[in-house]
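Here is the structure we will look at, set down as structure tokens.
The values are calculated or read from the model by the stated rules, or taken from the named source; none is laboratory data. Small disclaimer: the values here were computed from a predicted structure and weren't measured. With ideal geometry, Cβ positions are generated from the backbone for all residues, glycine too; neighbour counts draw on all protein chains shown.
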Amino acid sequence: MMEYRTLGRTDLKVSSVCLGTMTFGQQNTEAEGHEQMDYALAQGINFFDAAEMYPIPPKAETQGGTERIIGTWMKARGNRDRIILASKVVGRSGATWYRADGSKPVLNAKNIFAAIDGSLKRLQTDYIDLYQLHWPDRPVPLFGGSAPAIDPADTPEVAIEETLDALAQLVKAGKIRHVGLSNETAWGVHRFLSAAQAGERPRVVSVQNAYHLVNRVYEMGLSEFAGREQVGLLAYSPLAQGYLTGKYQRGARPPGARSTLFNRGQRYEKPGTEAAIDAYLALAAEAGLTPAELALSFVTTRPFVTSNIIGATTMAQLKEDIAAAVKPLAADVEQKINALHQIHGSPAP
């Protein structure tokens, strides 16, 4: 059964499962995206996550396609008031196709204002419920990369206060309701909360980071914010881009699968990852669960998770994943998961 959880310190109740949409416009057509959203809403999912960057992989020709598909769906169904809609502005980037003037994005007012106006136009709506910074303006470990060795004094970055001041203007204008972070560190979350407390700035309500059986680094440092500050996790890649289903083990590349098409799964192919996945696949079989049930129910049932962001390219996958994500997790299975984590750690951060 779908559960509804409070988003930060807001009055919004979001479904414990969120529909991720980054395949819309690349692996999924507009009609397929509409079908997925129809089904998700019928299953009690009221929370949809998008980004100005999407679909993935990012490229100039398709950028913004996901938001356009969501926009045509909401217009056709007349259901904007039933949806809690999240989207994101890109962080500092070397790509030149996000802004009309060809400039490279940073998280200052000019870029944020341009990004929100573009997203609202594509989404055909007046406001976004949760507007997230897709990644920080400063160098941090991103998408499986290592932390760069930097001297902050030598690194260009937009001050967090400046970014929040721009977002405050959008809240005041009614274009966004709440602010969230993504791919953020504990230091970053703390600084955003401190900057909000120090001035008339919006308080972040969530952080969207990768979290799954082979990447539990969120638990160290970040998870404490959920209970103490009500900044919960929106967990993305709960199936580790499909690697936790076992379909890529021993180098397998099923036709039509994401890593087969785009070869972007290196984050989940690091030393030790295959052995860890083997162990979780064996545990799922022992417990009478599918790999998806083990992986997805684990994420949804974590006390610091506000919503588990799932994504699919077929309706069969979507139906399986929604059912799996709301499945309870037996205490003895959780204990065995933690025992395996003690052995294997987080090989795919």
What residue, of 291, 328, is under 22 Å from residue 18 (Cα atoms), surrounded by fewer than 18 Cβ atoms within 10 Å (Cβ to Cβ) and over 17 Å from the mean Cα position of the chain (by Cα)? 328
Determine whether residue 271 is surrounded by fewer than 16 Cβ atoms within 10 Å (Cβ to Cβ), on the phi < 0 side of the Ramachandran plot, modelled with pLDDT under 95 and in a loop (DSSP other than H, G, I, E, B). no
Scan the range 101-160 for residues that are closer than 16 Å to residue 192 by Cα, in contact (Cβ under 8 Å) with a residue 60 or more places away in the chain and polar (S, T, N, Q) and jot them down. 132
Within the range 47-73, which residues are of a type outside the set (A, V, I, L, M, F, W, C) and without any contact (Cβ under 8 Å) to a residue 40 or more places away in the chain? 54, 55, 58, 59, 61, 62, 63
Any idea which residue in the range 226-248 is surrounded by the fewest Cβ atoms within 10 Å (Cβ to Cβ), counting only those that are in a helix (DSSP H, G or I) and out of contact with any Leu (no Cβ under 8 Å at 6 or more places or on another chain)? 228
Does residue 217 meet the test of being among the β-branched types (Val, Ile, Thr) and out of contact with any strand residue (DSSP E or B) (no Cβ under 8 Å at 6 or more places or on another chain)? yes
Conditions (1) among the aliphatic types (A, V, I, L, M); (2) at pLDDT 95 or above; (3) outside any helix (DSSP H, G or I); (4) surrounded by fewer than 19 Cβ atoms within 10 Å (Cβ to Cβ): number failed by residue 158: (4)
Does residue 96 meet the test of being of a type in the set (Val, Ile, Thr), under 16 Å from residue 312 (Cα atoms) and surrounded by fewer than 16 Cβ atoms within 10 Å (Cβ to Cβ)? no
